[in-house]
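Working notes, structure below.
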Amino acid sequence: MEKLNLIVVFVEGVLSFFSPCILPILPIYLSILSNSSIESLKEDKSKFIHSLLFKNALFFALGISLTFFILGSSVNALKSFFDTNKDLIKIFGGLIIVFMGLFYIGVIKSSLLSKEKRFNINTKQINPISAFLFGFTFSFGWTPCIGPILTSVLIMSSSVNNVGTSNLLILFYTIGFILPFILASLFYNKLFKSFNKMKNYMGLIKKIGGIILILSGLVMFINGSFGVYKHLNDSKNSDSNSQSIDRENKDEKIMSIDFTLYDQNGKEHKLSDYKGKTVFLNFWATWCPPCKAEMPYIEQLYKEYNKNNKDVAILGVASPNLDREGSKENIIKFLQQEKYTFPVVMDNNGELAYKYGISAYPTTFIIDKEGYITQYVPGAMDKQTMKYLIENHN
């Protein structure tokens with residue numbers, strides 16, 4: 001799926017370049033970057049002009065790229081919000097992208113979206129520095145024929161699991177957009193006629209771009225809807241499981257299931273070795289917003305209870321490659337990025353989660369000093385609740 005998204009944003013970048021607001025005025029931008037007129041640029045074959053144009057076009061493209069990453073980072077600054085509400089954002093973002101696709105191909109009309117703003121710049125003598133600033137300011141003055149596509153890329157990048165993938169999506173879009181600029185500066189003499197002919201196909205190009213936007217929006221909407229449905233279904237199942245366990249085992253003690261697993265640092269943890277301690281056993285996932293919300297409290301308790309060296313042991317359980325979970329390496333990277341140090345054992349293939357009947361995340365078990373389960377808590381908790389359950393487990 002990630003590879004497909006990279007291809008999609010690259011194609012969207014190329015289509016942004018071939019939009020009606022870029023292609024018709026490409027000769028003007030090339031002439032500005034070469035410090036010459038359009039006619040002289042068409043006829044001039046000197047190496048000096050060729051070298052100057054390529055160098056200025058390269059810095060012009062870097063200026064445009066900076067804008068993309070600034071816009072992308074402004075989205076990523078709200079990463080925690082996007083993570084918590086990822087599925088809803090996919091639904092509404094998908095609808096917005098579909099709307100923009102319909103606007104792009106002319107099905108929907110909007111006077112607000114059709115407004116454009118341009119920046120003027122003194123272009124008597126362009127050098128690499130001014131070319132960079134030119135690209136930077138130019139990209140902020142885009143007309144709507146680029147805006148909808150860029151917005152779809154930013155929404156897509158905000159909905160992924162990590163900053164690296166988000167930046168990679170923006171990078172591929174940027175490459176798709178600036179690559180034709182670079183090629184045009186290298187082969188400007190041969191490409192002028194081709195670009196002029198391509199103007200006749202602007203309608204078709206807009207339709208292709210609009211269809212890609214609509215399809216991308218529909219895929220995002222469907223994925224978000226499925227995520228919301230799954231979350232609601234899991235919550236419903238966890239509630240019914242909780243009620244049945246409480247009802248069936250109200251007066252009966254349940255022995256915990258022993259295990260021997262290794263944490264993120266390669267240290268072995270055997271549950272039976274913690275006899276004599278109260279164990280806080282928390283099943284979680286990196287993609288689970290409620291899990292992420294309570295993990296800072298678990299880290300605080302781990303430190304407050306002397307890092308498992310006294311009468312309380314804090315243990316997390318993650319299941320690499322199960323359902324939507326990433327690999328063991330991804331889980332370790334997540335823990336390192338968030339600076340969580342409490343031990344998280346790796347439940348490969350979800351065998352332990354299956355034995356404990358985990359149907360939703362997070363799920364916590366409080367195990368007493370004799371190894372019996374005294375509390376079963378599906379769902380996130382605040383720190384006070386965690387502490388109360390640990391200290392009043394009997």
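Just so it is clear, none of the values below were taken in a lab; they were calculated from the coordinates. Keep in mind the model is a prediction, meaning the values are calculated, not measured. Ideal geometry is used to build each Cβ from the backbone, glycine not excepted, and the neighbour counts take in all protein chains shown.
By per-residue mean of other Cβ atoms within 10 Å, what is the highest-first order of 171-177, 130-136?
Ranking, from highest mean packing down: 171-177, 130-136.
Can you order the peptides 369-381, 258-270 by their average number of other Cβ atoms within 10 Å per residue, highest first? Intermediate values should be presented prior to the final figure.
Values: 369-381: 16.9, 258-270: 13.9.
Ranking, from highest mean packing down: 369-381, 258-270.
Mind scanning K303/K387; K292/K339; K307/K339; K328/K383 and naming the pairs with a C-alpha gap bigger than 21 Å? Mind showing how you got there, number by number?
Working: K303/K387 13 Å; K292/K339 12 Å; K307/K339 15 Å; K328/K383 27 Å.
Those over the limit are K328/K383.
Debye calculation, C-alpha points only, no solvent: report log10 I(q)/I(0) for segment 281-348 at q = 0.12, 0.16, 0.17, 0.24 Å⁻¹, in the same order as the q values.
Each listed q corresponds, in turn, to -0.29, -0.51, -0.57, -1.07.
How long are the three semi-axes of the equivalent ellipsoid for segment 304-394, computed from the Cα gyration tensor as the root of 5 times each eigenvalue, in whole Å, largest first? The partial results should precede the final answer.
Values: eigenvalues 107, 57, 30 Å².
One finds semi-axes of 23, 17, 12 Å for segment 304-394.
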